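What follows is one structure encoded as structure tokens, with my remarks underneath.
The values are calculated or read from the model by the stated rules, or taken from the named source; none is laboratory data. What you are looking at is a predicted structure, and each value in this text was computed from that prediction instead of being measured. Cβ placement follows ideal geometry from the backbone for every residue including glycine, while neighbour counts extend to all protein chains displayed. Heads up: the accessible areas ignore ligands, DNA and RNA and are worked out on the full protein's heavy atoms, side chains in. Shrake-Rupley method; radii C 1.70, N 1.55, O 1.52, S 1.80 Å.
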Amino acid sequence: MPYGYLGKWGLQVVYWITAAGLGIWGLILLFTLPKVVKDFNKDVATDILRNMQAISSPG
């Protein structure tokens, strides 16, 4: 169920409909999820830093 947390609702629905790809998709996620979450968090942190710079830079 991680795709909903990452904002990928289309994949989340497919994940539910296929019962996690009959377990295969779920098994693959056990190994790939840490990298997916790390990349997502990195993107969020980058966006936050950009927004902070835009707010703090003199106009």
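What to note about this one:
- Net charge dipole, the chain: roughly 80 debye, given to the nearest 20, about the Cα centre with Cβ charges of +1 for Lys and Arg and -1 for Asp and Glu.
- Length gained on full extension, residue 31 to residue 48: 3.3 nm, using 0.36 nm per residue less the C-alpha separation.
- Fraction of the pair-distance distribution of the chain above 16 Å, Cα-Cα pairs, percent: 56 percent
- Solvent-accessible area, 1.4 Å probe, carbon plus sulfur percent, for the chain: 71 percent
- Residue-normalised accessible area of the chain, expressed per residue, 1.4 Å probe, Å²: 82 Å²
- ³J(HN,Hα), Karplus 6.51/-1.76/1.60, whole Hz, each residue of the range 25-40, x for Gly, Pro: 4, x, 5, 5, 4, 4, 9, 9, 4, x, 5, 4, 5, 4, 5, 4
- Full extension of the chain segment joining residue 39 with residue 18 gains 5.0 nm, where the gain is 0.36 nm per residue of separation less the Cα-Cα distance.
- Residues with amide H under 5 Å from that of residue 8, placed H, sequence gap 5 or more: none
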